[in-house]
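**Student:** Okay, here's the structure, questions in a sec.
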Amino acid sequence: MKEEQLIKDLIKQGESEQLEFKESVRKDEIAKVLCSFLNGKGGRVLAGINDAGKPIGVSNAEKSIEQLKIFLLSAIVPEAPITISVETIDRKDLILLKVYGGSKQPYLFDGSIYYRLADKTVKATSQ
């Protein structure tokens, strides 16, 4: 029950420099955001939440987690510790991904460096 309240509190906070909502599990999108968090102060991605902050859930959450783990291990360079869990709120499964600011910056996804600018994930340029 405590976990459910923590998730509800996170949702109430809304998206920020360290929190991103995703409606569905799109591996590339999640990897970009996690990469940006690793290049900053860390953060959380909550999949199964729409842009309005309403829980819509993720179908087959356990299967999605396994696929995400495999994908993220090879997609983000250097390898980074990522915590992934299924959280249930209002009988809907959400996926919570958590990272701390990385110790081996810069982190890359798909050959690019990403960082957070307020509540947006931005691709770094040569500047």
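**Student:** What order do you get for 12-25, 36-49 when each peptide is scored by the mean count of other beta carbon atoms within 10 Å, highest first?
**Tutor:** 36-49, 12-25
**Student:** Could you give each residue of the range 36-53 its phi-based ³J(HN,Hα) in whole Hz, using Karplus coefficients 6.51, -1.76, 1.60 with θ = phi - 60°, and x for Gly or Pro?
**Tutor:** 5, 5, 4, 7, x, 9, x, x, 10, 10, 10, 8, x, 10, 7, 4, 7, x
**Student:** Still on this structure: Given the DSSP H assignment, sum -39500 (n - 2.57) over each helix run of at least 4 residues in the chain and divide by its residue total; what's the result at 222 nm in deg cm²/dmol, nearest 500?
**Tutor:** Result for the chain, helices only: -9500 deg cm²/dmol.
**Student:** Count the net charge of all other residues whose Cβ sits under 9 Å from the Cβ of E4, scoring Lys and Arg as +1 and Asp and Glu as -1.
**Tutor:** Summing Lys/Arg as +1 and Asp/Glu as -1 gives -1.
**Student:** Please list K120, K92 from largest to smallest accessible area, probe radius 1.4 Å, with all protein chains kept in place.
**Tutor:** K120, K92
**Student:** Between beta-carbons, use under 12 Å as the cut-off and find the net charge around Q67, counting Lys and Arg +1, Asp and Glu -1.
**Tutor:** Value of the local net charge: +2.
**Student:** Now for a separate question. Tell me which residues come under 5 Å, amide H to amide H, from A124 once H is placed; ignore anything under 5 positions away on its chain.
**Tutor:** Sorted by chain and number, the residues that satisfy this are I113, Y114, Y115.
**Student:** Still on this structure, I have one more. Give the ranking of D28, D93 by solvent-accessible surface, highest area first, calculated with a 1.4 Å probe.
**Tutor:** D28, D93
**Student:** What part of the accessible area of the chain, given as a whole %, is carbon or sulfur when the probe is 1.4 angstrom?
**Tutor:** 49 percent
**Student:** Another question about this same structure. For the range 54-71, in order, what is each residue's ³J(HN,Hα) by Karplus, 6.51 cos²θ - 1.76 cosθ + 1.60 with θ = phi - 60°, in whole Hz (x at glycine and Pro)?
**Tutor:** 9, x, 10, x, 10, 7, 6, 4, 4, 5, 4, 4, 4, 5, 4, 4, 4, 5
**Student:** With labels modelled as points extended 7 Å from the Cα through the Cβ direction, what inter-label distance (nm, one decimal) is found for D28 paired with T83?
**Tutor:** 3.0 nm
**Student:** Given a Förster distance of 41 Å, report the FRET efficiency between R91 and L117 from their Cβ-Cβ distance, rounded to the nearest 0.05.
**Tutor:** E(calc), rounded to 0.05, equals 0.70.
**Student:** Beyond a 20 Å Cα-Cα separation, which of these cross-linked pairs lie in this structure: K41/K120; K2/K98; K8/K69; K12/K63; K27/K104; K69/K98?
**Tutor:** Flagged as over cut-off: K8/K69; K12/K63; K27/K104.
**Student:** Here is a further query. Just grab the label-to-label distance for I56 and L6, each label 7 Å out from Cα along the Cβ direction, in nm (one decimal).
**Tutor:** Placing both labels 7 Å beyond Cα along the Cβ direction yields 2.6 nm.
**Student:** Candidates (1) 34, 29, 28; (2) 44, 29, 21; (3) 43, 29, 26; which is the computed Cα extents along the principal axes in Å?
**Tutor:** Computing Cα extents along the principal axes in Å and matching it to (1) 34, 29, 28; (2) 44, 29, 21; (3) 43, 29, 26 gives (2).
**Student:** Let me ask something additional. What number comes out for accessible area per residue over the chain if the probe is 1.4 Å? Units Å², please.
**Tutor:** Result: 59 Å² per residue.
**Student:** How much solvent-accessible surface does V86 expose, in Å² to the nearest 10, with a 1.4 Å probe and all protein chains in place?
**Tutor:** 40 Å²
**Student:** Using the Karplus curve 6.51 cos²θ - 1.76 cosθ + 1.60 with θ = phi - 60°, what ³J(HN,Hα) values do you get for each residue of the range 117-126, in whole Hz, with x for Gly and Pro?
**Tutor:** 10, 6, 9, 10, 9, 10, 7, 6, 10, 5
The values are calculated or read from the model by the stated rules, or taken from the named source; none is laboratory data. Everything numeric here is computed off the predicted structure, so don't read it as measured data. Neighbour counts are summed over all protein chains in view; Cβ atoms, including those assigned to glycine, are modelled from backbone coordinates with ideal geometry. Side chains included, ligands, DNA and RNA excluded: accessible areas come from the protein's heavy atoms. Shrake-Rupley method; radii C 1.70, N 1.55, O 1.52, S 1.80 Å.
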